[in-house]
1. Take the stretch B:148-165 and flag every residue that is modelled with pLDDT of 90 or more, surrounded by fewer than 17 Cβ atoms within 10 Å (Cβ to Cβ) and away from every other protein chain (no Cβ under 14 Å).
2. Where residues in the stretch B:87-119 are in a helix (DSSP H, G or I) and facing chain A (nearest Cβ under 7 Å), which of them is surrounded by the most Cβ atoms within 10 Å (Cβ to Cβ)?
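The values are calculated or read from the model by the stated rules, or taken from the named source; none is laboratory data. Everything numeric here is computed off the predicted structure, so don't read it as measured data. A quick note on method: Cβ atoms are made from the backbone with ideal geometry, for glycine too, and the neighbour counts reach across all protein chains shown.
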Amino acid sequence: MSEYKDITIESEENSGKIVFAEDVVATIATLAAAEVDGVYGMSGTAFEGIGEKLGKKNYTKGIKVEVGSVECAVDMSIIVRYGFRIQEVCRNVQVAVKNAIETMTGLKVVQVNIAVNSIVFAKELPVEQPKPENRVK
Amino acid sequence: MNRTVGILSGILAFLTIMFGTGLLLLAIGWPVTPERLQVMAFEVRRMPAVLFLVLAALIYMSIGVIVLYGMIWNRLNRRTSALLEKNALGETAVSFTALKEIAEQTLKNRSDVTKYKTKVYAAGSSIRIEVRAITSPTVSLLELTHSLQEEIGTAIRTICGTEVGSIDVTVDQAELPPRRT
């Protein structure tokens with residue numbers, strides 16, 4: 001289980017504090033990266049994989065976020081689909097993650113470091129089973 | 001999470017080595033002198049249980065040493081096993097495993113290559129790929145090797161945007177089946 005760390009942002013209007021967990025930033029980054037063409041998924045450790053096999057979705061797999069009071073940095077490990085230019089995919093992921101975090105949290109993203117650990121080929125992708133049609137209306 | 005697991009693994013490995021050392025000292029006795037070793041050798045003949053104790057101790061110590069060695073090796077190789085590129089937004093690293101998979105996919109797509117093995121190394125500021133392949137008996141080896149170098153180089157250049165320093169290809173041809181008489 002990852003460490004639970006709060007990020008506190010002081011409101012300039014003195015109407016209170018905005019507090020959210022570090023995992024939130026990681027989840028935003030993961031979802032932003034997943035939207036990029038050519039990204040198959042995040043590459044995590046064996047322990048993180050065990051949780052997924054047990055049916056628990058882990059949106060912070062393969063991602064590490066370092067936050068300060070106004071800035072943050074993201075380290076991610078991704079799996080890229082074969083056929084896409086890796087540098088182009090990485091660049092798009094960096095831009096998407098930066099925009100998503102800055103828009104949703106107001107934190108300035110100073111670094112998005114990406115590690116491509118593996119490539120997935122078309123034959124390895126799981127085949128989606130067709131959904132059974134409803135027999136009754 | 002990774003850091004915590006790494007630290008726990010290191011502590012466990014260290015404790016395993018200490019446990020094994022303790023078992024060994026229990027079997028031999030302290031201090032370890034040549035006379036004590038002779039006594040232990042005699043005891044082993046008289047009481048095989050001592051031998052099992054010594055073997056168990058050596059196994060525990062070996063496991064601990066192997067785990068620690070693996071952790072140190074991985075740590076040292078981490079930054080030398082990827083293609084790094086920096087840009088304004090951060091750093092991108094393409095692991096050698098991914099490069100190896102690209103090369104192997106190229107080999108997999110060829111019908112004239114039956115078995116293959118690839119390795120990727122860092123060579124100065126670029127990379128070196130070693131390919132060992134077994135081919136069908138009737139293939140022209142010269143044409144095959146040139147073709148493999150070109151295809152793998154093109155695949156990596158297209159997908160990763162980087163030039164490969166050298167691609168060393170070693171090819172063995174499969175033996176012809178024995179003639180039926």
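1. B:150, B:151 - these are the residues of the stretch B:148-165 that are modelled with pLDDT of 90 or more, surrounded by fewer than 17 Cβ atoms within 10 Å (Cβ to Cβ) and away from every other protein chain (no Cβ under 14 Å).
2. That would be B:98.
Conditions (1) modelled with pLDDT under 90; (2) more than 7 Å from chain B (Cβ to nearest Cβ); (3) surrounded by 14 or more Cβ atoms within 10 Å (Cβ to Cβ), marked per residue:
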site	(1), (2), (3)
A:81	no, yes, yes
A:87	no, no, yes
A:98	no, no, yes
A:105	yes, yes, yes
A:114	no, no, yes
A:121	yes, no, yes
A:132	yes, yes, no
A:136	yes, yes, no
